[in-house]
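Undergrad: Sharing a structure, written as structure tokens. Questions coming.
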Amino acid sequence: MYPTLFTLSIGGHGWDVASYRAAFVAAGFATALIAWALARRRGLPARRSLAVIAVAGLAVPVGGRAWHMVTNPSVYAADPVAALSLSPVGFAMFGAVLAAALSGLTAARVLRLDMWRLADAAAPALGVGIAIQRVGCFAAGCCFGRVTQGPLGVTYPPGSLSHLMQIAHGAVGLFERPLPVFPTQLFELAGALACAALALLVLAGRAPDGSAFLVFVGTFALVRWVNWGLRVPPDSLAAPAWVYPVLYATTIALCAVIGALRWRARRQAAGI
């Protein structure tokens, strides 16, 4: 567990650089650069593509914070100022990705850019960005999994978030050592990279535009669904237990339906 990546000494003062925050920033830049490079490779206009990617990127913290506020209202009832905080702590990935996708697709239409081709370029980039962010989560000790005695379990040090959660729920005593937990951050990291690789394979084929994006979103929703069953939800989460599985199932179904419609439209356009 490395919540602090390193310490900067400036003017005699030490500034801790948190692993989570560093990963958040690195993930944003990596996602934007990879998406832009793939967009240019696919023949999309460089400036307009960059503008759309920037709009989508700016929507990430807004959507992530908004979703977290809706699903964790007690956090903001106790500290309303937290809603306006620029800290990357307290963001929900589902809201961030949803806001980025909707704002990016809207901006692409406004700028008369092929939104499906651009979405395909963004798909592998999203996988890389999510993987980088999960490295930060693992280092910070957040987003951890349930207690396990299996070979995949990892043990965070005393005083870590998982240890405090185990004490709060009576899994261990106040002075007992923490129990091993599933490294759900690493599971999601591996899943995101696998989904990105699958999206690249679709890009290399002859699938209709938008297929790579739909495949990535659908398969990553499946990864999140499976991982959700292994993860310990925060105590502040107000959403019922069934909400996220329903959201993931709906996302998968929508991707499948839209993908089928795009294949059908291509066949009709070809006169088949």
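The values are calculated or read from the model by the stated rules, or taken from the named source; none is laboratory data. Note that the coordinates shown come from a computational prediction; the quantities given were computed from them, not determined experimentally. Counting neighbours? That spans all protein chains shown, and the Cβs are built from the backbone with ideal geometry, glycine included.
Undergrad: Provide a single number: the residues in region 190-210 that are in contact with an Asp or Glu (Cβ under 8 Å, 6 or more places away or on another chain), modelled with pLDDT of 95 or more and not hydrophobic (A, V, I, L, M, F, W, C).
TA: 0
Undergrad: Pick out the one residue from ALA18, ALA77, ALA30, ALA23 that is over 15 Å from the mean Cα position of the chain (by Cα) and touching a residue at least 60 places away in the same chain (Cβ under 8 Å).
TA: None of the others qualify; the one that does is ALA18.
Undergrad: Is it true that LEU186 is without any contact (Cβ under 8 Å) to a residue 12 or more places away in the chain, assigned to a helix (DSSP H, G or I) and farther than 24 Å from ARG262 by Cα?
TA: For LEU186, the condition - without any contact (Cβ under 8 Å) to a residue 12 or more places away in the chain, assigned to a helix (DSSP H, G or I) and farther than 24 Å from ARG262 by Cα - is not met.
Undergrad: Okay, next question. With the requirement that a residue be more than 15 Å from ALA221 (Cα to Cα) and either touching a residue at least 60 places away in the same chain (Cβ under 8 Å) or in a helix (DSSP H, G or I) (or both), what does region 233-256 give you?
TA: Correct list: PRO234, ASP235, SER236, LEU237, ALA238, ALA239.
Undergrad: List pairs: first in region 48-67 and in contact (Cβ under 8 Å) with a residue 60 or more places away in the chain and crowded, with 18+ Cβ neighbours inside 10 Å, second of a type in the set (Lys, Arg) and part of a helix (DSSP H, G or I), Cβ under 9 Å, 6+ apart or cross-chain?
TA: SER49/ARG40
Undergrad: Would you confirm whether any residue within region 218-232 is modelled with pLDDT of 95 or more, under 26 Å from ALA269 (Cα atoms) and in contact with a helix residue (DSSP H, G or I) (Cβ under 6 Å, 6 or more places away or on another chain)?
TA: The answer is yes; a qualifying residue exists.
Undergrad: Hey, another quick one. In region 174-218, which residue that is touching a strand residue (DSSP E or B) at 6+ places or on another chain (Cβ under 9 Å) and surrounded by fewer than 20 Cβ atoms within 10 Å (Cβ to Cβ) is farthest from PHE24 (Cα to Cα)?
TA: Within region 174-218, the match that is farthest from PHE24 (Cα to Cα) is LEU179.
Undergrad: Mind checking which residues of region 1-30 are surrounded by fewer than 16 Cβ atoms within 10 Å (Cβ to Cβ) and over 26 Å from SER162 (Cβ atoms)?
TA: Hits for region 1-30 are LEU8, SER9, ILE10, GLY11, GLY12, HIS13, GLY14, TRP15, PHE29.
Undergrad: Within region 37-47, how many residues are surrounded by 18 or more Cβ atoms within 10 Å (Cβ to Cβ) and either under 18 Å from THR106 (Cα atoms) or under 17 Å from the mean Cα position of the chain (by Cα) (or both)?
TA: Qualifying residue count for the region: 2.
Undergrad: Another question, if that's okay. With the checklist (1) over 16 Å from GLY57 (Cα atoms); (2) assigned to a helix (DSSP H, G or I) in hand, flag the one item GLY173 doesn't pass.
TA: Result: GLY173 fails condition (2) only.
Undergrad: Kindly establish whether LEU200 is assigned to a loop (DSSP other than H, G, I, E, B) and among the aliphatic types (A, V, I, L, M).
TA: no
Undergrad: Looking only at residues that are of a type in the set (Lys, Arg) and either assigned to a helix (DSSP H, G or I) or in contact with a Ser or Thr (Cβ under 6 Å, 6 or more places away or on another chain) (or both) in region 203-232, which one is farthest from ALA99 (Cα to Cα)?
TA: Ranking the qualifying residues of region 203-232, first place goes to ARG231.
Undergrad: Among the residues that make up region 116-135, is at least one of them in a loop (DSSP other than H, G, I, E, B) and more than 16 Å from the chain's Cα centre (by Cα)?
TA: No - not one qualifying residue is present in region 116-135.
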